[in-house]
Every structure is written in structure tokens, then in C-alpha cells.
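Report on the following structure.
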Amino acid sequence: MERRSLPASGPLDLVDEVPLGDDEKAYVAAARAANTLKGYRSDWAEWCSWCAREGLDPLAGEASAISRYLVFLAGAGAKVGTMARRLSAMRFAFRMRGLPDPTGAARVVAVWEGIRRTHGAPAEQAAPLMPPELLDVLEACPGTRTWATPGRQPEPDLAGARDKALLLVGFIGALRRSELVALDWDDVNDHPQGLVVTIPRSKTNQEGTEPELVVLPLGPNPARCPVRALRAWAELAGVGSGPVFLPVSTGNKAIARRLSANSVNYLVQAAIKRAGIDPLPYSAHSLRAGFVTYAHLRGASDRAIAHQTRHRSLATLGQYVRIHEAWHDNAATQLAL
């Protein structure tokens with residue numbers, strides 16, 4: 001097998017050094033979510049750096065090197081999920097270069113199975129954000145912006161309107177943060193009962209072969225209605241095309257660019273903090289988790305919940321509600337010691 005050394009400039013690139021035409025590279029990029037490729041690049045660079053320190057060729061495809069690398073990661077305290085992604089990145093890089101995939105070698109598989117049994121732990125889940133805490137967070141979204149500048153009158157707070165719409169659409173729509181930032185106004189359609197949102201691509205539908213539909217019903221309480229909140233944000237921001245959710249400047253103006261996934265996490269946590277709630281257990285995923293948990297507690301069936309969340313496996317829904325369900329009809333709550 002041909003051996004290659006690391007270039008003087010640094011680690012081998014995940015894709016750019018593969019002999020592909022520009023159109024081929026574009027389709028390769030389209031075959032994976034942008035965040036997935038970004039993670040793969042980082043993971044591949046880490047593997048190349050480790051090989052450089054060990055005096056190894058990252059493309060040699062030696063099973064012993066990969067198993068040693070896994071042992072190194074486990075000893076450094078890396079999470080099992082992180083190591084699994086590293087293996088996926090390596091598998092992708094080797095296959096892109098037409099090389100045999102060494103991650104499936106018996107030695108690597110045996111070491112990897114042992115690491116998962118030894119270091120595996122339940123995935124950390126964001127705390128669900130749902131009523132009554134969600135209502136406090138919505139109420140804390142600022143409605144008016146005042147200014148220290150003499151003569152400038154109070155204005156509707158644009159960021160507050162955006163945050164309220166984002167929280168309600170994220171919760172009622174049970175959307176992932178990647179879906180919130182990817183949402184365009186062209187994907188939002190009027191319906192007599194509210195709005196219908198088309199999700200062209202998602203975590204479980206990355207190729208977009210069958211766009212998914214999410215409903216946003218008109219709520220009985222105007223202050224908690226996702227449809228009214230979304231329309232109020234659109235009117236105040238003066239937008240009706242392009243991305244739905246935009247950054248807001250310190251001067252209370254909408255900035256014509258898409259929010260990032262990380263900024264959605266920040267906005268959700270900042271909104272929670274405004275309500276006097278510790279934001280640490282929460283993230284943008286708390287909106288989706290909150291929908292599933294709250295709908296379950298309100299008596300919705302798993303099938304009805306999955307109709308909105310677009311889960312393909314009903315068993316997956318149990319991960320969201322297991323903690324709350326543990327308290328239901330449990331004799332431990334009746335001991336009164």
C-alpha cells in the first residue's frame with residue numbers, strides 16, 4: 001500500500017486533497033450535513049495530528065494504530081460519542097481515497113466494543129423546557145426597547161419579538177435547532193387553522209427526498225400563540241423572504257443573515273436566564289424535548305407526538321419522558337416517612 005507523509009503545512013485534508021473535480025466536491029459536500037462535514041474535518045485533523053506525534057502515516061490503514069488511538073482517547077477521557085464520530089470521519093476519509101476501511105478490522109472492532117462496554121454512559125439530554133417554566137420565559141421576553149439617547153422614543157423590542165417567536169415555533173413545532181436556523185419564509189404556508197411549515201431536510205431526511213410537514217396551530221391565548229408571534233416578528237422586522245430568524249443589532253434593526261445553530265443555543269439560554277431560571281441544564285434542544293414531554297403528560301399518544309416530531313421510531317420518544325414517567329403511579333411517593 002502506498003504510504004504518504006504529512007505535508008509540511010499540516011494534517012491531510014478530509015476531502016480537498018482527494019482528486020475530485022469541482023462539481024464532484026460540491027456533490028460530496030451535499031451528501032452530508034454541513035455540521036457533519038465540519039465535525040469530520042476536525043476529527044480527521046485530530047487523527048492526523050496524533051499520527052504525526054507518533055511518527056505514523058495517517059493513511060497507512062494499520063489496524064494497530066487505530067486501536068492504539070482509541071485506547072489513547074479513552075485514557076484521555078473522551079466520550080464514547082466523540083470516539084464514534086472520530087471513527088466515522090476516518091472511515092469517510094479512507095473510502096473517499098479508495099483505500100480499504102481499516103476501522104472494520106477485527107482488532108479495532110474488539111477494542112471499540114470493549115471501550116463502549118467500559119466507558120459507555122447514557123447520552124446527556126437537555127432538560128425539557130415546558131409550562132410552567134416556558135410561560136415564565138415567554139413573559140420575560142422584552143416587549144419595549146427604551147433608549148438613553150435624548151429624543152429617541154421607546155420602540156417595540158425586535159430581539160424580544162424574535163425570541164418569543166423562536167421559542168414558540170421551536171416548542172410547538174418540536175423543531176431541532178438546525179431546522180430553526182434553516183427555516184425560510186418560503187417554507188411557511190398559511191392554513192385556516194394556523195400555519196404549515198415544510199422542512200425540506202432534517203436529521204432523519206438529509207437527502208430531502210420527502211419533505212416533512214409541521215403544523216403551527218392558532219393558539220387560544222394570543223400571548224402564547226406561535227402563529228401570532230411569528231407574524232408579529234415578521235411585521236416588526238419588515239421581512240417576508242429569506243431566513244425566518246435573523247440576528248438583531250444593538251440599534252434594534254434586523255440583520256439580513258441567517259442565525260447560526262450556536263446562536264440559537266445562546267438565545268434560548270439567555271431567554272431562560274431573563275426569567276430568573278438557571279439556564280445551565282437547558283439548550284435549544286430543550287424546546288423539542290419540552291414538546292414531547294409536555295404532550296405526553298397531557299395525554300397525547302406516542303403516534304400523535306411522532307406525527308409532529310417526525311420520529312421514525314416510537315421507542316425513541318421514551319427517552320424524552322422516562323424521567324417524568326418514573327413518578328407516575330409509583331409506591332415510593334406514598335410512603336410518607
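The values are calculated or read from the model by the stated rules, or taken from the named source; none is laboratory data. Please read these numbers as outputs of a predicted model, since none were measured by experiment. Note that each Cβ is placed from the backbone with ideal geometry, even for glycine, and that neighbours are counted across all protein chains shown.
Can you tell me which residues in the stretch 175-194 are part of a helix (DSSP H, G or I) and of a type in the set (Asp, Glu)? Give the steps one after another, and end with the answer.
Taking the stretch 175-194 and keeping what is part of a helix (DSSP H, G or I), we get 177-182, 185-187.
Matches in the stretch 175-194: 179, 186, 187.
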Which of the residues spanning the stretch 31-81 are of a type in the set (Val, Ile, Thr) and free of Cβ contacts under 8 Å to residues at least 12 places away in the same chain?
36
Looking for whichever is in the same structural domain as residue 37 (by TED's automatic domain parsing) and in contact (Cβ under 8 Å) with a residue 60 or more places away in the chain here; the options are 175, 99, 166. Which one fits?
99
For residue 195, are the conditions met, namely being over 20 Å from residue 275 (Cα atoms), over 21 Å from the mean Cα position of the chain (by Cα) and either assigned by TED's automatic domain parsing to the domain that holds residue 276 or at pLDDT below 95 (or both)?
yes
Within the stretch 291-306, can you find the residues that are part of a helix (DSSP H, G or I) and either in contact with a Gly (Cβ under 7 Å, 6 or more places away or on another chain) or small (Gly, Ala, Ser) (or both)?
295, 304, 306
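Out of the residues in the stretch 57-99 that are hydrophobic (A, V, I, L, M, F, W, C) and part of a loop (DSSP other than H, G, I, E, B), state the one that is surrounded by the most Cβ atoms within 10 Å (Cβ to Cβ). Before you say what the answer is, go through the steps one by one.
We begin by selecting, within the stretch 57-99, every residue hydrophobic (A, V, I, L, M, F, W, C); these are 59-60, 63, 65-66, 70-74, 76, 78, 80, 83-84, 87, 89-90, 92-94, 96, 99.
Of the ones still in play, those that are also part of a loop (DSSP other than H, G, I, E, B) are 59-60, 76, 78, 99.
Working: 59: 20, 60: 15, 76: 7, 78: 16, 99: 14.
Ranking the qualifying residues of the stretch 57-99, first place goes to 59.
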Please determine, by comparing only the residues of the stretch 200-236 that are modelled with pLDDT under 95 and among the small types (Gly, Ala, Ser), which one is farthest from residue 145 (Cα to Cα).
208
Would you mind telling me which numbered condition in (1) surrounded by fewer than 18 Cβ atoms within 10 Å (Cβ to Cβ); (2) touching a strand residue (DSSP E or B) at 6+ places or on another chain (Cβ under 9 Å) residue 168 fails?
(1)
Failed criterion for residue 197 (all others in (1) touching a strand residue (DSSP E or B) at 6+ places or on another chain (Cβ under 8 Å); (2) surrounded by 15 or more Cβ atoms within 10 Å (Cβ to Cβ); (3) part of a loop (DSSP other than H, G, I, E, B) hold):
(3)
Would you confirm whether any residue within the stretch 182-205 is touching a helix residue (DSSP H, G or I) at 6+ places or on another chain (Cβ under 6 Å) and without any contact (Cβ under 8 Å) to a residue 12 or more places away in the chain?
no
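Considering every residue within the stretch 139-149, establish whether at least one is part of a helix (DSSP H, G or I) and in the same structural domain as residue 312 (by TED's automatic domain parsing). Show your work before the answer.
Our first condition is that a residue be part of a helix (DSSP H, G or I); within the stretch 139-149, this holds for 139.
Cutting the leftovers down to in the same structural domain as residue 312 (by TED's automatic domain parsing) gives us 139.
Yes, the conditions are met somewhere in the stretch 139-149.
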Sort out which residues of the stretch 249-265 are more than 14 Å from residue 287 (Cβ to Cβ) and in a helix (DSSP H, G or I), and write them in order of number.
262, 263
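How many residues are modelled with pLDDT of 95 or more and either under 13 Å from residue 163 (Cβ atoms) or in a loop (DSSP other than H, G, I, E, B) (or both) if we restrict to the stretch 238-248?
Start the filter on the stretch 238-248 by keeping residues that are modelled with pLDDT of 95 or more, which leaves 243-248.
Now drop any that are not either under 13 Å from residue 163 (Cβ atoms) or in a loop (DSSP other than H, G, I, E, B) (or both), which leaves 244-248.
Of the residues in the stretch 238-248, 5 are modelled with pLDDT of 95 or more and either under 13 Å from residue 163 (Cβ atoms) or in a loop (DSSP other than H, G, I, E, B) (or both).
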I'm trying to understand the selection: among the residues of the stretch 27-56, which are assigned to a loop (DSSP other than H, G, I, E, B), at pLDDT 90 or above and not aliphatic (A, V, I, L, M)?
55
From the set of residues in the stretch 113-130 that are surrounded by 13 or more Cβ atoms within 10 Å (Cβ to Cβ) and within 22 Å of the chain's Cα centre (by Cα), which is modelled with the lowest pLDDT?
125
